[in-house]
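Contents: one structure, followed by commentary.
Computed from the coordinates by the stated procedures, all read-outs in this text should not be read as laboratory data. All values derive from a computational prediction rather than experimental measurement. We place every Cβ from the backbone using ideal geometry, glycine too, and count neighbours over all the protein chains shown.
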Amino acid sequence: MIELDGLSRTYQIGDEPVHALVDVTERIGRGEHVAIMGPSGSGKSTLLHLVGCLDRPTSGSYRFEGREVATLDEPELDRLRRERFGFIFQAFHLIARLDGTGNVELPMVFAGVPRSERRERAQAALAAVGLAARAGHRPSELSGGERQRLAIARAIAMRPAVLLADEPTGNLDTRSGNVVLDLLDRLNDEGLTVLVVTHDPRVAHRADRTLILGDGEIVRRARREELATALVEWGLGAEAHR
C-alpha cells in the first residue's frame, strides 16, 4: 500500500542544509498499525507529513496504492489527501465557532459532498467515537479527550484508507489517552491502516510494529514483543516519557 524507496527530505536553513530524512526505505501494508518513535528532531513528523502528502521529498520514490506520488499535480495531490488520508494532530485543530457536527462536516464541504450525505456521515462518525450525544456542543464545551475524539470523527468521516496521527495523546491525561488509543485500535481492527508518531512506549506498544528513527534514518524495526528491548538499546526509555 505504502512503498518508500530511498526517501529523503532536506531543508535549507540559511546556508546550512538540514537533512530531516535520509534514504528511508519501507513498506507498510494495508491494515497495518505502525508506530514511529525516536528522539526529538529524528524525522518522525517529517516522515508522517511525506506519507500524508503534506510535503514532497527532496529525492527518492513514494508509491501509494501503486501510484508514484511524484507524478501527481497539485489538484491530484489535494484529492489524494482529502479522500485517502485522515489526519489527527496533538493540537486538535477544531473550529471554535462550529459545533461537533459542523466540525466533522467541514472537510466534506470542501470535498463537495451533498448536504444530506454530509449530515448522515457526520452522525455516523460521531456515533463511532461515542460523541452522538455531544454533537451539538462546541469544542470549548468538550473535555480534552472529547475534543480528540471529535478530531478523529472528522478524520474518518471522509472514509480514508490511512489514518495518520501525530502525538494523538500528547495533550491528554492517562484515562482520556487510553480511550483515544482504544478507539484507534478498534478502527484498525475494522481495517483502517494506522500510523502513529509518539514519544510514549505505551502508545507504540499498541502497534503491530514500530519504526525507530535517529538522525532522519530508520535505525531499528521492532515487533511489539521486541519493543522494550529496542527502546533500551537506543536510549529512548527516558525520552519516551517526557
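Values computed for the structure shown
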quantity	calculated
Proxy reagent accessibility, fewest Cβ within 10 Å first, across 37, 1	1, 37
In degrees, nearest ten, helix 115-128 long axis to first principal axis of the chain (Cα)	70 degrees
DSSP-defined antiparallel bridges as percent of all bridges, the chain, nearest 5	55 percent
Relative contact order of the chain, pairs being alpha-carbon contacts under 8 Å that are 6 or more residues apart, as %	27 percent
Label zone at residue 208, where the point sits 7 Å out along the Cα-to-Cβ direction: segment 17-51 residues whose backbone N lies under 12 Å	27-35
Antiparallel bridges, percent of DSSP beta bridges restricted to segment 134-242 (to nearest 5)	55 percent
Global geometry of segment 115-213, whether rounded, prolate or oblate, following the gyration tensor of its Cα atoms and the 1.5 cut on a/c	oblate
Theoretical ellipticity at 222 nm over the chain - DSSP helices of four or more residues, -39500 (n - 2.57) apiece, nearest 500	-10500 deg cm²/dmol
Residue exposure sequence - 162, 203, 219 - by fewest surrounding Cβ within 10 Å	219, 162, 203
Angle in degrees between helix 144-156 and the longest Cα principal axis of the chain, rounded to the nearest 10	90 degrees
Hypothetical label at residue 1: residues of segment 85-114 whose amide nitrogen lies under 12 Å (7 Å Cα-Cβ projection)	85-86
For P(r) over Cα pairs in 10 Å bins from 0, in percent, calculated from these coordinates, the label among (1) 7, 29, 32, 18, 8, 4, 2, 1, 0; (2) 8, 33, 39, 17, 3, 0; (3) 8, 31, 35, 21, 5, 0	(3)
Residue 226/residue 26 FRET efficiency (R0 22 Å; Cβ-Cβ; nearest 0.05)	0.85
Modelled FRET efficiency - R0 45 Å, residue 15 with residue 120, Cβ distances, 0.05 increments	0.25
Acute angle (nearest 10 degrees) that the helix 74-84 long axis makes with the longest principal axis of the chain, alpha-carbon atoms	70 degrees
